[in-house]
Amino acid sequence: MKTKAESTIDMSRLPQHVAVIMDGNGRWAQARGLERSAGHVEGVNTVRRITEAASELGIGYLTLYTFSTENWNRPQAEVDALMELIVIAIERETPDLIKNNVRLTAIGDLGRMPETARKRLDKCISDTAHCSGLTLVLALSYSSRWEIIRAVRSLAADAASGLLKPENIDEEMFASKLSTAGIPDPDLLIRTGGDLRVSNYLLYQIAYSELIFTPTYWPAYSKDDFRAHIAEYQRRQRRFGLTGEQVSGQ
């Protein structure tokens, strides 16, 4: 039986790419008198649920803000525990990703990851490379400002070496230098946990994304929540600078 949210979703107008800021793991745990690490563990279960929901709907790309460059500044014990949890969770979920035809990839300054964790991540990415359904993108050691500066440096180096003329730099060329090259910009950005900011996440790519903020902590975020937010996205008119009449064809 379809849920109320499912019944309102127009399957012909799904977002191609949904990006998520998974916030509230620590606060979810603290509200229950638990260690912050318990929230991160429960958050992994939510990743599984929402990946399944996106795959079931037929969404093309799901990008999850998994670990930011700023997160490296957290207490070392928490950083170490997060890195281990992330890799263990990915390894554990890889068989189900393959079963559900989900391809895994990652964006970010991955060279900062511990070598063992990086190698284990690379193996999981390789193991799912043949899958052709949902692409699950993990933003790991990711920062939009880092990404933009890296792109600028690459273009500057090409210009300095005579490979391109600065006046020929356009949006398409710039986008090709980002970590998300080849991935469509997000149609929808969802942030859980109640904060109303984008936290250095996909700043260039979300220029025209629809934004949804929910107070629900990530460990408590459900498939029904996700489907309801897809339905909310579909109720919005995306104008991209045009008038409403132009978009509606009036």
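The values are calculated or read from the model by the stated rules, or taken from the named source; none is laboratory data. None of the values given here were measured: they were computed from a predicted structure. Here Cβ is always computed from backbone atoms with ideal geometry, including for glycine, and neighbour counts include all displayed protein chains.
Structural remarks
- All conditions in (1) assigned to a loop (DSSP other than H, G, I, E, B); (2) more than 23 Å from residue 52 (Cα to Cα) hold for residue 129, with the sole exception of (2).
- Among the conditions (1) of a type in the set (Ser, Thr, Tyr); (2) in a loop (DSSP other than H, G, I, E, B); (3) in contact with a strand residue (DSSP E or B) (Cβ under 7 Å, 6 or more places away or on another chain), the only one that residue 233 does not satisfy is (2).
- When 228, 139, 151 are screened for being in contact (Cβ under 8 Å) with a residue 24 or more places away in the chain and in a strand (DSSP E or B), only 139 passes.
Yes/no per residue for (1) surrounded by 14 or more Cβ atoms within 10 Å (Cβ to Cβ); (2) hydroxyl-bearing (Ser, Thr, Tyr); (3) at pLDDT 95 or above:
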| residue | (1), (2), (3) |
| --- | --- |
| 31 | no, no, yes |
| 54 | yes, no, yes |
| 64 | yes, no, yes |
| 71 | yes, no, no |
| 76 | no, no, no |
| 81 | yes, no, no |
| 87 | yes, no, no |
| 92 | no, no, yes |
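- Criterion (surrounded by 14 or more Cβ atoms within 10 Å (Cβ to Cβ) and of a type in the set (D, E, K, R)) met by exactly one of 245, 210: 210
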